[in-house]
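Q: For reference, the structure I am asking about is given below.
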Amino acid sequence: MSLFNKIKEKLSHEFIDIVEWLDYTDDTIAHRFERYQNEIKNGAKLIVREGQTAVFINEGQLADVFTPGTYDLTTQNLPILSTLKGWKYGFNSPFKAEVYFVNTHLFTDEKWGTKNPITLNDDRFGLVEIRAFGTYAFKIADPGKFIIDIVGTDNNFTNFEINEHLKSLIATRFTDTVGEANLPIELYAANTTELSETCQEVMQPEFMGVGISLERFYIENVSMPEELKKEIFEYSRIDKLDLDKLTKFKTAKAIEAAALNEGGTAGAGMGMGMGFVLAQQMGGMMSPQMGGQQAMQQQQAAGAMPPPMPQAVQYYYALNGTQAGPVGFAQLQSLFASRSINKETLVWKAGMDGWKALKDVEELKGFLGSNTPPPLP
């Protein structure tokens, strides 16, 4: 390039009359106004649109900040820069300064999430892991501080460049907040609004430290492993139900399952029992004459009735540290078969001097599957 071309280029860039920036993107936070050797003409016009702020930097120092409006760049409008330059009597030549336009509108729908599970200590379930994700919105509250501390000399700074830093900050503070909350694990997902507000209050000073205001913070979901969900649901049901009723319900379900097993002896026994019930129902449907004859026969035989059979033995057992029962021998066997109790479960019946493990009660040892007779003498 010839000397005359260099002079022509310098002159064409030196006398800039208007300093402005039109943003055609959705993600630019800060843009540096480019011109030859950073020279701006004395008396040039500065146009700052709504949603923008113009920041003047002189030799790495924050000079002046302009809010939306139109300005003539003179010593009266550049008080800090004038002080830095030592202009006591004004100036007539172009001056040097870097000009950054900063978007101050709201940046919305920014995503955040925990990259790794957060480990919490729950009083009932021990160490558990949760994950969380959501959205947040921010805007630049202190443009000068943001340019000095974050942007530096970047000529076009986007929200993508700051998002990774903000998401790491959010994940760290979110972990600290939920750890200190010490809530029952199932309440984190049920109180996302309150937790979001608390997290926003905790994070706001961290954001303001670099000139950013955290305007919105939302937790959309707090998730946990499926196995833990099932345990929590089961625990909540047991906590609301009467343990004795729950035991009887499980016993009935176990008997029903045994009845459906047609190939087993239990199924045969249940079939016989249902046959007896049907026989009784059929008997009740017989003619009134037969019913009357049966009643007379029963009255005649009343004097020869045998004494009542002895009452079946009733057992009490321990379930989750709570006494349950009483149940009969067959019910206890069904509980053992459905694994509601095991050989170490403590049981007691009338006549015993204390609670014993099921495996140590003589008539209950058959539950363990040991049907081998003793050796011959």
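Q: Could you derive backbone 3J(HN,Hα) for the range 346-352 from the dihedral phi with the Karplus parameters 6.51, -1.76 and 1.60 (θ = phi - 60°), listing whole Hz in sequence and x where the residue is Gly or Pro?
A: 7, 10, 8, 9, 4, x, 7
Q: Let me ask something else. Hey, what do the phi angles of the range 142-152 turn into as Karplus ³J(HN,Hα) couplings, whole Hz, using 6.51/-1.76/1.60 and θ = phi - 60°, x for Gly and Pro?
A: Each residue of the range 142-152 in turn: 10, x, x, 5, 5, 5, 5, 8, 10, 6, x Hz.
Q: Can I ask one more? Using 0.36 nm per residue, how much length does the chain from ASP17 to LYS96 gain when fully extended, once their Cα-Cα distance is taken away? Could the numbers behind the result be given before it?
A: Details: separation 79, 0.36 × 79 = 28.44 nm, distance 1.42 nm.
Gain in length upon complete extension: 27.0 nm.
Q: How much length is gained if the chain between ARG49 and THR135 is pulled fully straight, taking 0.36 nm per residue apart and subtracting their Cα-Cα distance, in nm to one decimal? Display every interim value, and only then the final one.
A: Numbers: separation 86, 0.36 × 86 = 30.96 nm, distance 2.80 nm.
Full-extension gain reported as 28.2 nm.
Q: Using a 1.4 Å probe over the heavy atoms of the protein chains, calculate the carbon and sulfur portion of the accessible area of the range 58-160 as a whole percent.
A: 48
Q: Return the Rg/Rh value of the range 39-164, two decimal places, where both radii are evaluated on C-alpha atoms and Rh is the Kirkwood radius. Kindly include the intermediate steps, with their values, before the conclusion.
A: On the way: Rg = 21.7 Å, Rh = 17.7 Å.
Here Rg/Rh amounts to 1.23.
Q: Would you mind working out the accessible area per residue for the range 88-154, using a 1.4 Å probe, and quoting it in Å²? Show your work: numbers first, answer last.
A: Values: 3460 Å² over 67 residues.
I get 52 Å² per residue for this part.
Q: Follow-up question, since we're still on this one. What pairs in LYS45/LYS111; LYS85/LYS167; LYS45/LYS139; LYS229/LYS349 have C-alpha atoms more than 28 Å from each other? Intermediate results must be reported in sequence, preceding the final value.
A: Values: LYS45/LYS111 39 Å; LYS85/LYS167 40 Å; LYS45/LYS139 26 Å; LYS229/LYS349 38 Å.
As for pairs spanning more than 28 Å Cα to Cα, those are LYS45/LYS111; LYS85/LYS167; LYS229/LYS349.
Q: Mind checking the full-extension length gain between ALA357 and ARG339? Use 0.36 nm per residue of separation minus the Cα-Cα distance, one decimal, nm.
A: Details: separation 18, 0.36 × 18 = 6.48 nm, distance 1.50 nm.
That pair, ALA357 and ARG339, stretches by 5.0 nm at full extension.
The values are calculated or read from the model by the stated rules, or taken from the named source; none is laboratory data. Computed from a predicted model, the values in this text were never measured in an experiment. Remember, those area values only see protein heavy atoms, side chains included, never the ligands or the DNA or RNA. Shrake-Rupley method; radii C 1.70, N 1.55, O 1.52, S 1.80 Å.
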